[in-house]
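Data block below; observations after.
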Amino acid sequence: MVSGSDRLHRYDDLIKQYAEEQGLDWQLIKRQMLAESGGDPHAVSVSGARGLMQFMPRAWREWGQGDPHDPEASIKAGAAYMAFLVSKFEEIPDPKERTKFALAAYNAGRANINRCLEYARQATGAAGSYQDWVDAGKPAGSWQKWQIASLFLSMVTGKYADITIRYVQQIVGEE
C-alpha cells in the first residue's frame with residue numbers, strides 16, 4: 001500500500017523534468033496536478049477528464065501521447081499545455097499574473113478567458129477587443145490583474161466562474 005506521503009511525492013522527478021523542459025516552476029505544476037486529480041493517475045472527472053492532469057479527450061488528442069492515465073504522459077502533456085497557455089497571454093506583462101490567467105484557461109478554456117479579458121478591458125476603459133487594444137498602443141490597465149479580470153468571468157462562464165477562481169487561488173496560494 002502506498003502511504004499518503006509517498007503518493008504526494010511519487011511524481012516529483014517527472015514533474016521537475018517536464019516543468020524544467022517547459023521553463024515552468026515545478027512546484028506550481030505539482031500543485032496544479034494535485035488540484036486536478038489529487039495525484040491519482042486513474043482519476044476520471046464527471047465531465048470525462050482523465051489522468052493526473054485531467055485532460056478532456058479532445059485536448060488529449062492534441063497535447064498527449066498514449067494513455068492519459070500514464071503518469072509520465074499526463075505530466076509531460078500538462079506541462080507543455082501550461083507553457084503554451086502562458087505564451088498566449090502576452091498582454092499580461094507580470095509573469096505571476098500571466099500564470100494565473102494561464103491556469104484559469106487550463107480550467108475554463110482559453111476562449112472563455114479571452115472573452116473575460118475583453119469584458120474586463122471594456123469595463124476599465126480600455127479598448128475591448130485585443131486588436132483594438134493593440135491598435136491603441138497597448139495601454140496598461142487594472143484589467144491585467146487576475147483579481148480584477150476574474151470579476152468578469154461570470155459573464156462568460158456563469159455559475160462555473162467560482163470553480164475557476166477557486167482553482168487559481170488553490171494553486172497560486174493567494175486570495
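Just so it is clear, none of the values below were taken in a lab; they were calculated from the coordinates. Since this is a predicted model, take the numbers as computed values, not measurements. Every residue, glycine as well, gets a Cβ built from its backbone with ideal geometry; the counts of neighbours run over all protein chains shown.
Cut-off is 10 Å between beta-carbons; in what order do 134, 156, 172 appear when sorted fewest neighbours first?
Values: 134 11, 156 20, 172 17.
The order, fewest Cβ neighbours first, is 134, 172, 156.
Could you tell me how far the Cα centroid of segment 79-99 sits from the Cα centroid of segment 24-63, in Å?
Answer, in whole Å: 18.
Which Cα, out of 171, 104, 14, lies furthest along the positive dipole direction of the chain (beta carbon charges, K/R +1, D/E -1)?
104
Rank the residues 42, 9 as a footprinting-exposure proxy: fewest other Cβ atoms within 10 Å of their Cβ go first.
42, 9
Once both axes come from the Cα atoms, what is the angle between helix 71-87 and the longest principal axis of the chain, in degrees from 0 to 90, rounded to 10?
10
Specify which labelled value, from (i) 43, 20, 11; (ii) 31, 16, 15; (iii) 25, 18, 16, agrees with semi-axes √(5λ) of the Cα gyration tensor in Å derived from the coordinates of the model shown.
Read-out from the structure maps to (ii).
Can you tally the net charge around residue 36? Count Lys and Arg as +1, Asp and Glu as -1, for every other residue whose Cβ sits under 11 Å from the Cβ of residue 36.
Working: positive: 30, 31, 50; negative: 40.
It works out to a net charge of +2.
Ignoring everything except DSSP H segments at least 4 long, calculate the 222 nm mean residue ellipticity for the chain; use -39,500 (n - 2.57) per segment, divide by total residues, nearest 500.
Working: 11 runs with 107 residues, N = 175.
Theoretical 222 nm ellipticity from helices: -18000 deg cm²/dmol.
Would you mind working out the magnitude of the charge dipole of the chain relative to its Cα centre, with +1 at each Lys and Arg C-beta and -1 at each Asp and Glu C-beta, to the nearest 20 Debye?
Values: 20 positive and 22 negative charges, 76 e Å.
For the chain, the charge dipole is close to 360 debye.
Ranked highest first by average number of other Cβ atoms within 10 Å, how do 70-79, 94-103, 136-145 line up?
Going by the mean number of other Cβ atoms within 10 Å, highest first, we get 70-79, 94-103, 136-145.
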